[in-house]
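> My questions all concern the structure below.
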Ligand SMILES: NC(=O)c1ccc[n+]([C@@H]2O[C@H](COP(=O)([O-])OP(=O)(O)OC[C@H]3O[C@@H](n4cnc5c(N)ncnc54)[C@H](OP(=O)(O)O)[C@@H]3O)[C@@H](O)[C@H]2O)c1
């Protein structure tokens, strides 16, 4: 039986992952900014469920949740860094303060929670750190530069961490979901640009239309995502990257092919920047 620690378990992919882990017979520490909302989402605490208040931007809430988890279950096998939101809009239309808030949650929040749990995993000489990045953590998109910057950040961090932690028996995976049917594209979750420049008015209107037509019609099924996380956590050979959803498979596949072909096309210039061989 594994013990999971999940951030942002009040709804969406975090809630679905917690439900799937409970369904599989595992133990779950389900955390959220409002503990009562976690309980509404997952039911009252029991033998295998502990709910805890945790805001990833509040260090004391992280420390308290980890302390309570250890007291209750003695170990944490799987950390799911899931909490996050999308700050969308053109780069120039997002204020520096909004950029900082986005990094505080999506990047520094992930670092803070992981930093609090790694000593336990190192002592166990076992564990699995799963971080929910995004398709946009591998492919840059129009109108998503700041959100993509945070997801590229955790993707690179996660990949590097996999090398650092393998020696302690700790596995590390970044997950790259495509569009999933959660609140992600709702005004309750995503944030739009807080500045407004006339030059971007048309592209912003098109993006808003595209998002509204896609919202709550996304192909990705959160329950299926949750089951995939359980399978990932149980597999002895965990990948460093896991793509979730056919849209993400296609988009990341095309991006990787475009990158390879750009490297081939510019090979001579790229290879020209070294000292001559033997120098
Ligand atoms: N759905 C998609 O299409 C999609 C695609 C790619 C990646 N993702 C990523 O998947 C993760 C989950 O997103 P979702 O689709 O499930 O979105 P969601 O339905 O909006 O859920 C987001 C969760 O994150 C929590 N959260 C936000 N800020 C937090 C903070 N400071 N501290 C603790 N919890 C916080 C929310 O808590 P509250 O209930 O308190 O607001 C909520 O539980 C995110 O990292 C997102 O970037 C989603």
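The values are calculated or read from the model by the stated rules, or taken from the named source; none is laboratory data. Computed from a predicted structure; not experimentally measured. Cβ atoms come from the backbone with ideal geometry, glycine included; neighbour counts cover every protein chain shown.
> Quick one: which of 130, 170 is in contact (Cβ under 8 Å) with a residue 12 or more places away in the chain, farther than 21 Å from residue 57 by Cα and buried (at least 20 other Cβ atoms within 10 Å of the Cβ)?
Of the residues listed, the single one that is in contact (Cβ under 8 Å) with a residue 12 or more places away in the chain, farther than 21 Å from residue 57 by Cα and buried (at least 20 other Cβ atoms within 10 Å of the Cβ) is 170.
> When residue 187 is evaluated against the numbered criteria (1) within 11 Å of the ligand (Cβ to nearest atom); (2) closer than 21 Å to residue 244 by Cα, which criterion, by number, is the only one it fails?
Checking residue 187 against (1) within 11 Å of the ligand (Cβ to nearest atom); (2) closer than 21 Å to residue 244 by Cα, the one that fails is (2).
> List pairs: first in the range 202-226 and without any contact (Cβ under 8 Å) to a residue 24 or more places away in the chain, second more than 11 Å from the ligand (Cβ to nearest atom), Cβ under 7 Å, 6+ apart or cross-chain?
Note: no pairs meet the criteria.
> Across the range 52-73, which residue is surrounded by the most Cβ atoms within 10 Å (Cβ to Cβ) among those that are in contact (Cβ under 8 Å) with a residue 40 or more places away in the chain and either over 19 Å from residue 110 (Cα atoms) or over 22 Å from the mean Cα position of the chain (by Cα) (or both)?
Restricting to residues being in contact (Cβ under 8 Å) with a residue 40 or more places away in the chain and either over 19 Å from residue 110 (Cα atoms) or over 22 Å from the mean Cα position of the chain (by Cα) (or both), the top hit is 73.
Okay, residues lined up against (1) touching a helix residue (DSSP H, G or I) at 6+ places or on another chain (Cβ under 7 Å); (2) under 30 Å from residue 208 (Cβ atoms); (3) within 11 Å of the ligand (Cβ to nearest atom); (4) at pLDDT 95 or above:
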site: 143; (1), (2), (3), (4): yes, yes, no, no
site: 162; (1), (2), (3), (4): no, no, no, yes
site: 169; (1), (2), (3), (4): no, no, no, yes
site: 173; (1), (2), (3), (4): yes, no, no, yes
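> Let me ask another. Could you tell me how many of the residues in the range 90-115 are within 15 Å of the ligand (Cβ to nearest atom) and either over 20 Å from residue 2 (Cβ atoms) or exposed (fewer than 15 other Cβ atoms within 10 Å of the Cβ) (or both)?
So the count comes out to 14.
> Report, by residue number, each residue of the range 24-46 that is assigned to a strand (DSSP E or B) and out of contact with any helix residue (DSSP H, G or I) (no Cβ under 6 Å at 6 or more places or on another chain).
46, the sole residue that qualifies.
> Note down all Cβ pairs under 6 Å where the first residue falls in the range 135-156 and is free of Cβ contacts under 8 Å to residues at least 12 places away in the same chain and closer than 16 Å to residue 83 by Cα, the second is outside any helix (DSSP H, G or I) and within 11 Å of the ligand (Cβ to nearest atom), and they're at least six residues apart or on different chains.
none
> Examine the range 208-216 for a residue that is at pLDDT 95 or above and either within 30 Å of residue 232 (Cα to Cα) or near the ligand (Cβ under 7 Å from one of its atoms) (or both), and state whether such a residue exists.
Checking the range 208-216: not a single residue is at pLDDT 95 or above and either within 30 Å of residue 232 (Cα to Cα) or near the ligand (Cβ under 7 Å from one of its atoms) (or both).
> Just checking, which of 30, 9, 41 is buried (at least 18 other Cβ atoms within 10 Å of the Cβ), more than 19 Å from the chain's Cα centre (by Cα) and within 13 Å of the ligand (Cβ to nearest atom)?
So the residue among 30, 9, 41 that is buried (at least 18 other Cβ atoms within 10 Å of the Cβ), more than 19 Å from the chain's Cα centre (by Cα) and within 13 Å of the ligand (Cβ to nearest atom) is 41.
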